[in-house]
Amino acid sequence: MQRSEFHGKGLLLTRRLCLGAVAGTAMSAITVACVPQQRGVPSAGQQPAETGVPVRGGTLTVTSFADAKTMQPLLSSDTASNAYIERHYNAPLLRRDPETLALDTKYGTAESFQISPDGLTLTFKLKSNIFWSDGKPITAADYKFTWDKMMDPKVEYPYRSLFSNFESLDAPDDRTLIFRLKEPFCPAIDYANLNPIPKHVFENLDINDNPLNQKPVVGSGPWLLQEWVKDSHAIFVANDKFYLGRPYLDRVVTRIVADQTVEFSMLKAGEVDQAGLRAEDWEEAKRIPHVNTIAYYPASASWTYIGFNLRNEILKDLRVRQALAHAIDRQTLIQRIRLGHARPIDSIYAQASWAYTDDVPKVTYDPEKAKRLLDEAGWRVPPGNPGGTRMKDGRPLKLRIFYNAGNKEREQIATIAQQYAKAIGVELEVIAEEWNAYLERITRRFDMDLFVLGWSAGLEPHGSLNLWTTGKAQNYTGYSNPRVDELFPKAATVPGCRQEDRQKIYAEIQRIIAPELPYIFLWENESLSALHNRIVPNKLTRLGYGYRMWEWYSKTGK
Amino acid sequence: MRRYILRRVLQAIPLLFVISVIAFTLYRIAPNTPFRAELALNPEATEEDIRRLEAKYGLDQPLPVQYARWLWNVLHGDFGRSYFTKRPVMEMILERLPNTLTLTVSAFLVSLLAGVPLGIFSALHRNSPIDNVLRVVAVFVTSLPSWWIGLVCIIIFAGQLRWFPHGGVYTIGKEWDLLDRLHHLVLPALVAGIDGSIGYLRIMRSQTLEVLRQDYVRTAYAKGLSDRLVMWRHVLRNAFLPVWTSFGGLLAGLIGGAAFFETVFSWPGVGRMVLEAALKRDFPVILAATMIGATLILIGYLIVDIGYAWLDPRVRYD
């Protein structure tokens, strides 16, 4: 399920799923609520997967907190639209192996691909038996057409600058695609992993404005949009011509629901088959007889942090940041807020990511050390007032911590952090702001001291460049380290692009950033969800269980 | 009367212009812009991408230029397109309008049919146990957030008791089943209606008590008129005037007044759409809704003013 919820306000902007010709990199911000995610792993004793012959038929009903905006992959920028689109249009050149997380041809439309020795040319050869739902073959011309529209300034494609390293795409024949790069770029294979729209349908239409953007007919995905009642539901039916074979499930239905409270109630009533779970619902969900509960730590985990504004004179001092980090007991926070369904992090990557290293300095809960650090930084406890706010040059150690109003988890983090800070003599003023005001403050005006936010990790670590290199758009803290600025591009241009070679560089980046504490890294969330026990999903991996959903089936055929 | 109506219509034109200027300015000076709200936290979109999209929609132009362009289009019947769905705003509003009207009209009828009689009953049985219970219930319902009441009702009546569905307008596959639609309508209409009935209950109670103290009522009784006649011809007709006044905002309320209920009950209506548009800074949608709402309020109050003449013979229009 997906969501843009407006409750309290928020959106979880998860990584795009290689759709719309886009391969995403990175990470996205978790704003408000979370989209129930279609992935998970059976928890102990509750294995959803069963052996046996898959049964054809049945309907999978899922939920979304927000409806899709468009069915046009080239215009989509929200999670809900992406979820709809990937059912209808789903013919990427490559797919990610759920075990290794590497892109390969096994389930993609490419039969083979090769990277030239100089890393400047990517050549894909398409499989021959791939078709659109109307029976016309999917050819290189469709991919080329999609690429041309992505690059067309008149088309409102939102991610064009991702492709600044690309020179061109040629389709010399029906089965060959040749991407040319301006310079070697390892994530290029991710970006080049196009998912086409049908040329024969769209070539005479305005991509920005045509009826098929709301009611597409021809598709390439496992299910095709049959009915879409805005803000109510969408029905997708099996595509007999899906190039990997007709899906087992006849229909996938998305129902728009208000929030996780309603969603959970519907799960209990058997009105939906899949739901993301809040930590507080986990124990109750385990007792529902008709669902399997699933918990796991995904490679694309969402994680939470308290950011420091490094432009602030007080917070420029590493000792102050260290003091605040040592003052906060993350394990207690995890128990109280996530009810144990999270684990502390000290790195910029999720533990299940191939880029992750554990070899980084860990921040421990040590209020005495925190006090010593503040003493060293010149922030002294006022004489005769041991519980008072520390002072330096007649100025109290007062800071403001912001979060977006309506987000209960962030509210708890900010208020508990306030108590921890007070214990070491730091006065934290907790301020909640409406989502857009908050966003403008931390992303444009930078008028904050500390702020609570989260990211949803992408599978390609290069995306973190925008968070950690000087002057980039998502570098809200103002963090700047010339060595990090140098290493990120280096990791993306390693000769041969071998994962092991790139990982060494990302490990160095993590070792540099962690002790500098631009964030207090709090935790990565355990993904919690529930799935009706008649539905048999794929094996749980670091990608979850939501991959290759056309292989899912219903044991009862209903 | 015709001259009066014509005068009111002519007065509405500058009023709508002023409303449009204020609304446009307020929405545009609010923090954040639409594409920034959507993409600022997405590392796949750069600042350059955001600016490109803003320029495409003229959001980089000075505000007066943007306003003039918007006004020109509106005067030509074009309220613009949503930044995110890329669809004409009026089309989006019109496709949701039947659902919204179904809910709001039903809720309004529940409010009126519950609130007005209960208010009268409460006044006629002042300080009785039932009056006290009604007053406590009124305070209780008023003090709770409407959406919370909706959520609790969903959990109890849909989740636990399974009497009603969790939301939506109809069961998928039963689009033309009237009974199924009514089944989906009952809970949201009752919750929204009861929420709205409290206002009518209070107004009717206080007005009835007020009118009962008037000299003309005492005179009517002194003339030997029956209770029923006094109530119908003197008390209720006069007590109803403030309720009638409140109908001025009803037309606008019918369009957007159920936003929270639409959200909680997954009811695909206009209010829910506008609420989401406001959060996403989808200016064309918000502005169109504002202007339609303002126009309906003006029309509503015109109808109310005309209706006074029927309800209260002392009122005459020249």
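Close amide-amide hydrogen proximity is noted between B:Phe164 and B:Ala158, each under 5 Å apart and 5 or more residues distant or on a separate chain (H modeled in the peptide plane; Pro and chain starts excluded). Angle of helix A:367-376 to the longest C-alpha principal axis of chain A, folded into 0 to 90 degrees and rounded to 10: 70°. The peptide list A:378-388, A:482-492, put in order of mean Cβ contacts within 10 Å with the highest first, becomes A:482-492, A:378-388. Calculate the length of the line joining the C-alpha centroid of the range A:77-122 to that of the range A:278-332, in whole Å. Computed from Cα coordinates, the inter-centre distance equals 31 Å. Full extension of the chain segment joining A:Asp173 with A:Thr415 gains 81.0 nm, where the gain is 0.36 nm per residue of separation less the Cα-Cα distance. Taking a straight line from the alpha carbon of A:Lys127, these lysines sit under 24 Å away, with near neighbours fewer than eight places off in the same chain left out: A:Lys106, A:Lys136, A:Lys144, A:Lys149, A:Lys199, A:Lys241.
Which FRET efficiency value, to the nearest 0.05, is calculated for A:Phe446 and A:Arg511 with the Förster distance at 30 angstrom and r the Cβ-Cβ distance?
On the way: r = 27 Å, r/R0 = 0.90.
The value I calculate is 0.65.
Roughly what percent of Cα-Cα pairs across the range A:296-360 reach past 12 Å?
Within the range A:296-360, distances greater than 12 Å cover 75 percent of Cα pairs.
Ordered from highest to lowest accessible area with the whole protein assembly present and a 1.4 Å probe, A:Ser168, B:Ser266 read as A:Ser168, B:Ser266.
Sorting A:Tyr356, B:Tyr216, A:Tyr157 on solvent-accessible area from highest to lowest, probe radius 1.4 Å, gives B:Tyr216, A:Tyr356, A:Tyr157. Residue by residue, the range B:104-120 carries 3J(HN,Hα) couplings of 5, 5, 4, 5, 4, 5, 4, 4, 5, 6, 8, x, 5, x, 5, x, 5 Hz when phi is fed to the Karplus relation 6.51 cos²θ - 1.76 cosθ + 1.60 (θ = phi - 60°); x denotes Gly or Pro. Taking every residue in A:194-203 and counting other chain Cβ atoms within 10 Å of its Cβ, the average works out to 0.
In order along the range A:237-247, the phi-based Karplus estimate (6.51 cos²θ - 1.76 cosθ + 1.60, θ = phi - 60°) of 3J(HN,Hα) comes to 10, 4, 9, 4, 9, 4, 5, 9, x, 4, x Hz; Gly and Pro are listed as x. For A:Ser302, the accessible area of its heavy atoms, probed at 1.4 Å with every protein chain present, is near 10 square angstrom.
Listed by chain and number, the aspartates and glutamates whose C-alpha is less than 18 Å from the C-alpha of A:Lys182, apart from same-chain residues fewer than 8 away, are A:Asp118, A:Asp148, A:Glu167, A:Asp170, A:Asp190. Centre-to-centre separation between the Cα atoms of the range A:170-228 and those of the range A:414-461: 39 Å.
Here the calculated FRET efficiency for B:Gln61 and A:Asn204, from their Cβ-Cβ distance with R0 = 41 Å, stands at 0.85, rounded to the nearest 0.05. A loss of 20 Å² or more of accessible area (1.4 Å probe, protein heavy atoms, ligands and nucleic acids excluded) relative to the isolated chain is seen in these residues of the range A:237-263: A:Arg255, A:Ile256, A:Ala258, A:Thr261, A:Val262.
Taking the Cα atoms of the protein assembly as shown, the ratio Rg/Rh between the radius of gyration and the Kirkwood radius comes to 1.01. Projecting the Cα atoms of A:Gly425, A:Leu459, A:Ser480 onto the charge dipole of the range A:406-513 (Cβ charges, centred on the Cα centre) puts A:Leu459 farthest toward the positive pole. Relative to one another, the C-alpha centroids of the range B:103-179 and the range B:197-261 are positioned 21 Å apart. Accessible surface ranking for B:Asp177, A:Asp206, A:Asp329, 1.4 angstrom probe, highest first: A:Asp206, B:Asp177, A:Asp329. What FRET efficiency, computed as 1/(1 + (r/R0)^6) with R0 = 25 Å and r the Cβ-Cβ distance, is obtained for A:Asp375 and A:Arg311, rounded to the nearest 0.05? Once the sixth-power term is evaluated, E becomes 0.55.
Only alpha carbons enter this Debye calculation for the range B:94-311, each as an equal point scatterer, and the log10 of I(q)/I(0) it gives at q = 0.08, 0.10, 0.13 Å⁻¹ is -0.36, -0.54, -0.85. A simple spin-label model places the labels of A:Thr364 and B:Gln11 7.7 nm from each other, with each point 7 Å out along Cα-to-Cβ. On a 0 to 90 degree scale, rounded to 10, what angle separates helix A:482-492 from the longest Cα axis of chain A? That helix lies at roughly 20 degrees to the long axis.
Along its principal axes, the range B:2-75 has C-alpha extents of 60, 19, 16 angstrom, given from the largest down.
Computed over protein heavy atoms with a 1.4 Å probe, the accessible surface of the protein assembly as shown works out to 40 Å² per residue. Relative to the longest principal axis of the Cα atoms of chain B, the long axis of helix B:270-280 makes an angle of roughly 40 degrees. Summarising the amide proton neighbourhood of A:Val291: residues at separation of 5 or more, or on other chains, whose placed amide H is nearer than 5 Å comprise A:Asn533. The heavy atoms of A:Cys186 present about 10 square angstrom of accessible area, all protein chains included, probe 1.4 Å.
The values are calculated or read from the model by the stated rules, or taken from the named source; none is laboratory data. Every value quoted in this text rests on a predicted model; they were computed, and no experiment measured them. Don't worry about glycine lacking a Cβ; one is built from the backbone with ideal geometry, like all the others, and counts go over all protein chains shown. Quick note on the areas: whole protein, heavy atoms, side chains included, nothing else; ligands and nucleic acids left out. Shrake-Rupley method; radii C 1.70, N 1.55, O 1.52, S 1.80 Å.
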